[in-house]
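Here's the structure we're looking at; comments come further down.
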């Protein structure tokens, strides 16, 4: 009688373990399919290329050329964090068709949400640092419209950097699964890039 109970317990544990693994894989596949659909929808709306992820820990990426010949990439990856684990990071990059040749580096100082007040220089100066090889050309480039758009973008995307070659927001914690948010974020960067190109 004791052996039968022991065998029944072992079989029960094996069956429950198998069911648990099956459920985990099933829900992971369902979530991956839903995420693929959202990224595909965003890519289609933006006119970017996207290849659906087929592996459980695959990397999501969409890219292409949109707007005024702006090369755009959006990708997510898992990287180590300060606690010894891993965090998923979102990354956005919009490249200008030609370098600006200003030695431009505009960096976000922090990721604290700020109130957008167009035309008030103090808000921009508190939120960003701006440098270039010719400070006067950099000041001319950073019109009130561009400053306002930079502030708007910085309220949504963090680690924002504008250089001679690109506008990017990298290592944003979390993973975006909603197509509307992906589209909104890319459109904000495209709008900013197009404003900058108009000033050059």
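Please state, rounded to one decimal and in Å, the Kirkwood hydrodynamic radius that the chain gives when every pair of distinct Cα atoms enters the mean of 1/r.
Details: mean 1/r = 0.0515 Å⁻¹.
Roughly 19.4 Å, rounded to one decimal.
Over the residues of the chain, the helix contribution to mean residue ellipticity at 222 nm works out to -15500 deg cm²/dmol, using -39500 (n - 2.57) for each DSSP H run of at least 4. The modelled label-to-label distance for the pair residue 45/residue 101, using points 7 Å beyond Cα in the direction of Cβ, is 3.8 nm. Annotation for the range 123-163 versus the range 31-84: alpha-carbon center distance of 27 Å. Once both labels are positioned 7 Å from their Cα atoms along Cα-to-Cβ, the gap between residue 139 and residue 164 label points is 2.2 nm. Label-to-label distance, residue 82 versus residue 68, with points set 7 angstrom from Cα along the beta-carbon direction: 3.9 nm.
You can think of it this way: the chain between residue 10 and residue 30 has 4.2 nm of extra reach, that is 0.36 nm per residue less the Cα-Cα gap. The angle separating the long axis of helix 144-154 from the principal Cα axis of greatest extent in the chain is about 10 degrees. Helix 2-46 and the longest principal axis of the C-alpha atoms of the chain enclose an angle of approximately 20°.
Mean 1/r over all different Cα pairs, inverted: what Kirkwood radius does the range 60-104 give, in Å? Write down the numbers at each step before the final one.
On the way: mean 1/r = 0.0792 Å⁻¹.
By the Kirkwood definition, the hydrodynamic radius is 12.6 Å.
Under the criterion of Cα pairs below 8 Å and six or more residues apart, the relative contact order for the range 2-199 equals 21 percent.
Laboratory data are not the source of any read-out in this text; all were calculated from the coordinates shown. As the structure is a computational prediction, the values presented were derived from the model and not from experiment. Methodologically, a virtual Cβ is constructed for each residue, glycine included, from the backbone with ideal geometry; neighbour enumeration extends over all protein chains shown.
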